[in-house]
Amino acid sequence: MEVSIIQIGNSKGLRLPKSILDRYNIKDKVELIFEEGQIILKPVEQPRKGWDKAFKKMHEKGDDQLLLNDVFDDENFEEWK
């Protein structure tokens, strides 16, 4: 697919058709990858997508307990003053 470079203020950019944005789930950002004479646009995924549901499920199962005791439980902070 060939697209034109357009003027955007003092910069230049390219306009992607809505069908391409929808097809590749491109929302607000893309990652630019420069590789051997070509530029690759890659959709930026939400890095923590679904974590809220996973944490809720962990809590319901009781899997959200600390595996190690708090490292400061037996510390004497008086000597730090």
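In Å and from the alpha-carbon atoms only, list the Rg and Dmax of the stretch 2-81.
Looking at the stretch 2-81, its Cα Rg and Dmax stand at 24.0, 69 Å.
Which lysines does Lys29 reach when only Cα atoms under 19 Å apart count, and residues fewer than 8 places away in its own chain are ignored?
Straight-distance partners of Lys29: Lys12, Lys18, Lys42, Lys49.
I'd like the Karplus ³J(HN,Hα) series for the stretch 2-12: coefficients 6.51, -1.76, 1.60, θ = phi - 60°, whole numbers in Hz, and an x wherever there's a Gly or Pro.
9, 10, 8, 7, 10, 7, 10, x, 8, 10, 10
Please work out the FRET efficiency for the pair Glu75 and Glu45, using the Cβ-Cβ distance as r and a Förster radius of 41 Å; give the result to the nearest 0.05.
The computed FRET efficiency comes out at 0.55.
Over the chain, with a Gaussian network built from C-alpha contacts below 10 Å, which listed residue (Val30, Val44, Val71) shows the highest mean-square fluctuation?
Of Val30, Val44, Val71, the Gaussian network model singles out Val71 as fluctuating most.
Go through the stretch 4-53 and name the GluC sites (Glu not before Pro) that are in a DSSP coil and have 13 or fewer other Cβ atoms within 10 Å of their Cβ.
Glu36, Glu45
Counting only Cα, what are the radius of gyration and maximum Cα-Cα distance Dmax of the stretch 30-75, in Å?
That works out to 20.1, 58 Å for Rg and Dmax.
Answer with one residue from Gly13, Phe55, Leu67: the one whose Cα lies farthest towards the positive end of the charge dipole of the chain, charges on Cβ with Lys, Arg +1 and Asp, Glu -1.
Farthest along the dipole direction, towards plus: Gly13.
Values quoted throughout were computed directly from the atomic coordinates according to the rules given, and no laboratory measurement underlies them. Small disclaimer: the values here were computed from a predicted structure and weren't measured. Neighbour counts are summed over all protein chains in view; Cβ atoms, including those assigned to glycine, are modelled from backbone coordinates with ideal geometry.
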